[in-house]
Amino acid sequence: MSDSLIDAPAGSGAEQSAVAASLTPIGAGAAGLASPHVVRRGGEFVHYAVRNPKLLFGLALEALFVLGAIIGPIISPHNATDLFRSYLHPSAQHWLGTNNIGNDLFAQLVYGLRDSYLVGALGALCASAIGMALGFIAGYRGGWLDEVLQMVTNIMVMIPSLVLLIVIGAYLTTRGVLFEGVFIGLTTWPWVARAVRAQTFTLRSRDFVDLARLSGKRPAAIVVRDIAPNMASYLFLVVVLLFGSSMLLAASYDFLGLGPTNGISLGTMMNQAMLWSALQLHTWWWFVAPGVVLTGMVVALLIANVGLDEVFNPKLRSQ
Amino acid sequence: MRRYFSRKLLTYVLTFFVGATVDWGIPHLMPGNPVQLYLSNFDLQPAGYASLYKTMSQAYGTNLPLWDQYLHFWDGLLHANLGVSIYDFPSEVTTLIWHALPYTLALLVPAITLSYMLGNRLGALAARRKLLDNTVLPVGYLFQATPYPWLALALPFLLGYVWHVFPISGAYSNTLLPALSLTFFWSLLDHWFLPFLTVFLVSLGGWAIGMRNLVIYELENDSSRYLRALGGTERLVRKYAYRNASLPQLSGLALALGVVIGGNIVAEIAFQYPGLGFLIYNAIEREDYFLLQGIFIFIIVGVLVANFVIDIIYLIVDPRTRLSMQGATA
Amino acid sequence: MTVRVENLKIAYRTLAGDVCPVDDVSFSVGDDEIMGLAGESGCGKSTLGTSLIRLETRMAVLGGKVELDGVELPIDDDRAMRRYRMKEISLVPQYAMSALNPTRKIRRLAADLLRCHGVGYGEIADELRRRLDLVGLDAGVLDRYPFELSGGMRQRVTLVLSTLLNPSLLIADEVTSALDVSTQRAVGELMMEFRDRRFVKSMIAITHDLSILAQIADSILVMYAGRLAEKAGSDTIVNSPLHPYTQLLLASLPAVGVRHDDTTLVGIPGRPPPLSNPPAGCRFADRCPFAYARCKEQPPFTEVRPGHQVACWKVAEEVQAA
């Protein structure tokens, strides 16, 4: 399940973290989030961070793709929309050949990288913003607010987002990158909210929060100054996974023609490859390139994520 | 326990209500209406357009006020009447869905259950054997990071076009007619395998990794330490850890359904496998909005039923939910 | 002698080198003896106690040996130790409240554990019920899940389970730490009763709370910064301790009847040295009011009076002079 929305059911303290560890937006039972981490000094983090092979590998790989997205359009000899002879094989002039109407595929790939990153970032940002806000409120306040939020998340989780998008897409015939990113954000936030709520719950009962409350701090200040920093590493991991998950979701949507109606993305390339018989014509580079690149982008994030978790949580370090 | 169920029931009812309303709402609240959209495809003379519009509107009830339409919608829904397909007139939506359903189930059910069971086993094994861990983990991540479309293209290409091992489209060979014969059955299996593999592989990675993490956590927690301190065999410790780890995995299953359905749709479309996903695709192509909406409702009901089944299993498996003094929130 | 520990040294492996919470420790515990192992947090007492039964991961035995009833225990071999655990040597852990598996009924847990030792549940069922009764638990507890029991009940179940096979040595790690004073007393009396009824032959009670040891222990061993400071009968330790650390420790306890408006509660100034980089010589030296030049050399843990061992140059000198 490469693009799923999972969330962490509430439970008691340590169990929540273990549960959260198993449930991430990328596939139920995917990698990544372990227990809430006590705030440590930054120096210790950096020390372990630069020595963690997984983190370094993941970051390096991701940097490669980011670099590709930035300088790719510059070094690419052609634009994505220029027309040449169609169905050309990869050659020195066209590094990935051309598609059915003659666009240079390499140019499409590097422009598509940008789009994929954009949607991924947008989706992750939206989902994080909404999810964290609601999660903090529900986790800190509890009571009926919490109940309502749980009900809402339960409901949203059960409506398959792809099918929803299909129905919306049937009627909304022009869509942009913004729409796709926001849609992903609006359908993925339940996972974030649940995870954040679970951790806030645990932290809320800790002594330092009681102290803050007794000293008369306002709830918003307590959340921002006391609770959030203790969850900082956790939140960071959440965002990383969200980013990867958004990219995968976008790929599926684009593949089915539900993505932005203009522009080119990695998913759209695969869609076009399928529609224009790349399989039958054995023009495999058309879909292999975007597929491999997208997989690489997400794998890099996942591996970096595991490394990051090890850095934050000493128990996971294998020495 | 009663509180557990009543809470769940409320969620299901509300979900159904919300889902159905959204389903009805989107087309009706968007600019234009289904009939208008449909007719815009044809190059009609104004007079012809007007009369067709009138007739169709009456037939599909789109000339009634919004509120009336909504009530009619619910009326039909509660009578399991999802309307009539525009394109495949006069086939009823329910009939079309019924024909496509077995194919979707044939993909989904084995893919979910097998990936879940196998993934859990692999993850648990990886948790205790370093060697296995070093292979399972990266492979698991790789599969997890794989976009459904990629696998749905690479697999048929490799195994279908290049190596001609499996067919790449349809539910069965188009030289055969459905019959209770071995040849037909074999052809079904042949065509089923690749789409199944697509959905299966992507899920497998996720379950394995999740289980591995959970088992590692369980193997180090206090109850495992106690068992070991008291001379429990490592086997016993592992057995208990596995059991404890299975619980969060199970709740994860319920939550992953929405995604697997998405993946299933992608696979069906890529392989032209005549399940619900392919039906949706055709509905979009042919602008058969009633079919589309009917499928949406149906899928929601399906997800609710599956969630319910998993809730029951969870109840049986987790003593805390059964006997808990506070209501479960899973 | 039931247990004899000789020159035991256990290290915890870290990035920055080995840390030794147990540094050259020797003592013995006799039959029917409850020895209290006392000290501050971080002095190594928990490590000492629990490593006798199971070395946690990342711990290594750097030297010394442990003998139980004359047989040397292979404490650094996890597999080999299995046959001693629960039968010869057992543990009531610090985390007793969460030690029971949450998804198993108590009966099932007991049966599974017993089976690992080749004991059928049926053989021991009666005895189990008797013991539960002894600790004040209803036999119905067996059919419940841990989360259905209160913390105190869980702890008592753990106590019964750990001692079910009548081990020679029971290590009780901070069993009273999370309890209120009256329950502490009740649990303390239970432990003594278990010893009196010969459910366990001897016991090592690890705690930072000297008052509970005064109640239940026959002898007390005081640890400081990974090394032994003093060992004597509990009366001696409580009433006439010799080692400066023990004296200060007892002096810092609030006394009944003393009003602290009149006198202030005095602690021991300073902090224990970091175990990652312990100072040469006596580890208490920089906090000790009696420290002098000789303390730069590590004092041996010797018997200065019959049944009374102390690691302090000053004490050794004074006793000799006397």
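The values are calculated or read from the model by the stated rules, or taken from the named source; none is laboratory data. Just so you know, these numbers come straight off a predicted model, no measurement behind them. With ideal geometry, Cβ positions are generated from the backbone for all residues, glycine too; neighbour counts draw on all protein chains shown. Only protein heavy atoms, including side chains, enter the accessible area calculation; ligands, DNA and RNA are left aside. Shrake-Rupley method; radii C 1.70, N 1.55, O 1.52, S 1.80 Å.
Rolling a 1.4 Å probe over the heavy atoms of the protein chains gives the range B:1-140 an accessible area of 59 Å² per residue.
Counting Cβ atoms of other protein chains within 10 Å of each Cβ in A:291-298 and taking the mean gives 5.
Based on DSSP, what percent of beta bridges with both residues in the range C:144-288 are antiparallel, to the nearest 5? Counting only bridges with both partners in the range C:144-288, antiparallel ones make up about 55 percent.
Among B:Leu227, B:Leu153, B:Leu279, the largest mean-square fluctuation in a Gaussian network model of chain B, built with springs joining Cα atoms closer than 10 Å, belongs to B:Leu227.
Under a Gaussian network description of chain B, with springs only between Cα atoms under 10 Å, the residue in B:Leu37, B:Leu250, B:Leu151 that fluctuates furthest is B:Leu37. Contact order, relative form, for chain B: 26 percent (alpha carbon pairs under 8 Å, 6 or more residues apart, mean separation divided by residue count). Counting only protein heavy atoms and a 1.4 Å probe, the range A:41-316 has 40 square angstrom of accessible area per residue.
Convex hull volume per residue, computed on the Cα atoms of the protein assembly as shown, equals 215 Å³. Of the beta bridges in the protein assembly as shown, as assigned by DSSP with both residues counted there, near 65 percent are antiparallel.
With a cap of 10 neighbouring Cβ atoms within 10 Å, and only residues DSSP puts in a loop, list the chymotrypsin sites (Phe, Trp or Tyr not before Pro) found in the range B:1-85.
Here the sparse-neighbourhood loop sites are B:Phe42.
Counts of other chain beta carbons within 10 angstrom of each beta carbon in peptide C:161-168 average 1. For C:Ser90, the residues whose modelled amide H falls within less than 5 Å of its own, excluding neighbours fewer than 5 places apart on the same chain, are C:Leu169, C:Leu170, C:Ile171. Per the accessible-area calculation with a 1.4 Å probe, the total area buried between chain A and chain B rounds to 5800 Å².
Which chymotrypsin sites (Phe, Trp or Tyr not before Pro) from the range C:198-298 combine a DSSP loop assignment with at most 15 other Cβ atoms within 10 Å?
Answer by residue number: C:Phe290, C:Tyr292.
When nucleic acids and ligands are ignored and a 1.4 Å probe is applied, B:Thr11 ends up with an accessible area of around 10 Å². Determine the shape class of the range B:170-227: with a ≥ b ≥ c the square roots of the Cα gyration tensor eigenvalues, call it rounded for a/c under 1.5, and otherwise prolate if a/b is greater than b/c, oblate otherwise. Prolate, because a/c is 1.5 or more and a/b exceeds b/c. The alpha-carbon of C:Lys201 sits under 16 angstrom from the alpha-carbons of these lysines, leaving out residues fewer than 8 places away in its chain: C:Lys87. Using just its DSSP H runs of length 4 or more, each adding -39500 (n - 2.57), chain B gives a mean residue ellipticity at 222 nm of -26000 deg cm²/dmol after division by all residues. Shape summary of chain B, radius of gyration then Dmax from alpha carbon positions: 24.4, 89 Å.
Note that the range C:1-142, at 10 °C in a medium of 1.306 mPa s, gets a Stokes-Einstein diffusion coefficient of 92 µm²/s from its Kirkwood radius over C-alpha pairs.
For the range C:12-60, the solvent-accessible area works out to 35 Å² per residue, with a probe of 1.4 Å and every protein chain left in place. Look at the alpha carbon pairs under 8 Å that are at least 6 residues apart: their mean separation over the length of the range C:165-322 gives a relative contact order of 18 percent. State the percent of C-alpha pairs, over all pairs in chain C, separated by a distance greater than 33 angstrom. Summing the P(r) tail past 33 Å for chain C gives 28 percent. Trypsin sites (Lys or Arg not before Pro) within the range C:1-103: which are DSSP loop residues with at most 16 other Cβ atoms inside 10 Å? Hits after loop and neighbour filter: C:Arg58, C:Arg83.
With the whole protein complex present, A:Val306 retains an accessible surface near 20 Å², based on a 1.4 Å probe. Counting Cβ atoms of other protein chains within 10 Å of each residue's Cβ and taking the mean over peptide A:147-160 gives 6. Ranking A:Asp210, B:Asp311 by solvent-accessible area of protein heavy atoms (1.4 Å probe, all protein chains present), from largest to smallest, gives A:Asp210, B:Asp311. Based on Cα contacts under 8 Å between residues 6+ apart, chain C shows a relative contact order of 20 percent.
Over all directions, the projected convex hull of the C-alpha atoms in the range A:197-317 averages 10.9 nm² in area.
Take the Cα radius of gyration of the range B:1-116 and divide it by 2.2 N^0.38 Å, with N its residue count; two decimals is plenty.
1.41
Assign one of three labels to the range B:238-330, namely rounded, prolate or oblate, based on the Cα gyration tensor with a ≥ b ≥ c the square roots of its eigenvalues; rounded applies when a/c is under 1.5, prolate when it is not and a/b is larger than b/c, and oblate otherwise. Judged from the Cα gyration tensor, the range B:238-330 comes out prolate (a/c at least 1.5, a/b above b/c). On the range B:148-270, 67 percent of the accessible area sits on carbon and sulfur atoms, based on a 1.4 Å probe.
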